[in-house]
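Engineer: Handing you a structure now.
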Amino acid sequence: MGQSNFVDYIRIFCRSGKGGAGSEHFRREKFVPKGGPDGGDGGRGGNIYLRGNQNQWTLLHLRYKKHIFAGDGQPGGGQRSFGAQGEDVVIDVPIGTIVRDEETNELICEVTKHDETVVLLEGGQGGLGNTHFKTSTNQAPHHAQPGKPGMEGWFVFELKVLADIGLVGFPNAGKSTLLSVVSAAKPKIADYAFTTLTPNLGIVPYRDNRSFVMADIPGIIEGAAEGKGLGLRFLRHIERNPALLFMVPADSDDIHNEYKILLSELEKHNPQLLDKSRILAITKSDMLDEELIEEISEDLPDIPVLFISSVAQMNLDKLKDLIWNTLNFEEDV
């Protein structure tokens, strides 16, 4: 999939179907004078559903669908015949999609499992036919209910990619290189800032046919919370990750300070991100000798730290072990 095809935010006007009107009808047959009311009920208006689809990774297929309407219910008929129900609409969305009311920003629903189906808008109820209004004092009611209107509104569809661990770092920290080495993902890699313009996912194989999903987002820079750079826009994609892997290159002027800056930008975006488990990987460590590694280790944050090199395949198995143990610890808790 080309990077330009990654769409994680759209707005759509949705309207469910209106209910069909009930019938005001009287039985009229030969040899059955004054047969009484026999008007049928109107059909229910069509619902609009969301359905999770694990084969979709983007909202691109909905990009040009600005209006989605369900079918209207049909009116009832004589001989107590019921009107047909309006046609439902099922919208397939990637797993991790949330929907908000554009006007109130209220969370309407979210889809987190494959084939999970949730109702976005219910169709209007069909009206009752005049047969329901027959009483001992009113045996020929000239009254039937109209169908109820459907629901409508503008909705914001927002994709939050589901992954086990998210990569956080400045541009050119080696996030895309790591993802390409430990998984089959093929992110764009270059020696200039903001090579990664959209999130990338990779399935990392582990021992005994196990695996976990790693998410790489565009690099964060200082001041991202004020709108600088690209990373803050995509931070929603690590909000559901149980753990975060911070990546700082070994040739950084101050590794601990870079980590603090990244942590600060996450806190400004969403303070709950600080509650996640954290691992620090010092990338490009193949350029360091043991003496330098010991010197750098004296001033590092109090979280699990590992010196790695994606190009030299240095400590990558240990990194997988550390990630796996961290994720399993989260599940046990």
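Engineer: About its Cα centre, how strong a charge dipole does the chain have in debye, to the nearest 20, once Lys and Arg get +1 and Asp and Glu get -1 at the Cβ?
Structural biologist: Dipole about the Cα centre, nearest 20: 2860 debye.
Engineer: Pick from ALA70, ALA140, ALA215: which is most flexible by mean-square fluctuation in a GNM of the chain where alpha carbon atoms under 10 Å apart are linked?
Structural biologist: ALA140
Engineer: Which of the pairs LYS175/LYS320; LYS18/LYS134; LYS160/LYS260; LYS175/LYS276; LYS160/LYS268; LYS160/LYS276 have their Cα atoms more than 21 Å apart in this structure?
Structural biologist: Listed pairs above 21 Å: LYS18/LYS134; LYS160/LYS260.
Engineer: Rounded to the nearest 20 debye, what is the charge dipole size of region 1-58 about its Cα centre when +1 sits on each Lys and Arg Cβ and -1 on each Asp and Glu Cβ?
Structural biologist: 180
Engineer: Between 0 and 90 degrees, rounded to the nearest ten: what's the tilt of helix 255-269 against the longest Cα principal axis of the chain?
Structural biologist: It works out to around 10 degrees.
Engineer: In addition: Return the distance in nm (one decimal) between the two label points of a simple spin-label model at GLU29 and ASP254, each offset 7 Å from Cα along Cα→Cβ.
Structural biologist: Between GLU29 and ASP254, the simple spin-label model gives 9.3 nm.
Engineer: For region 3-159, give me the percentage of DSSP beta bridges that are antiparallel, rounded to the nearest 5 percent.
Structural biologist: 70
Engineer: If you don't mind, another one. Select from ASP41, ASP275, ASP72 the residue whose mean-square fluctuation is largest in a Gaussian network model of the chain (Cα-Cα springs shorter than 10 Å).
Structural biologist: Most flexible of the set in this elastic network: ASP275.
Engineer: Quick one, can you get me the convex hull of the C-alpha atoms of the chain expressed as volume per residue in Å³?
Structural biologist: 183
Engineer: Sequence neighbours fewer than 8 away in the same chain don't count; with that in mind, list the aspartates and glutamates whose C-alpha is under 18 Å from LYS66.
Structural biologist: Candidates past the 8-residue exclusion: ASP8, ASP88, ASP92, ASP101, GLU102, GLU103, GLU152, GLU158.
Engineer: Amide H to amide H under 5 Å from LEU121: which residues, 5+ apart in sequence or cross-chain, H placed 1.01 Å off N in plane?
Structural biologist: Those qualifying (amide H under 5 Å, at least 5 residues apart or on another chain) are ILE48.
Engineer: Under 10 Å, Cα contacts only: if you run a Gaussian network model on the chain, which one of GLU290, GLU116, GLU24 comes out with the highest mean-square fluctuation?
Structural biologist: In the Gaussian network model the winner is GLU290.
Each reported figure results from applying straightforward, stated rules to the coordinates on display, with no laboratory input. What you see is a predicted model; the values in this text were computed from it and never measured. Every residue, glycine among them, receives a Cβ derived from its backbone with ideal geometry; neighbour counts consider all protein chains shown.
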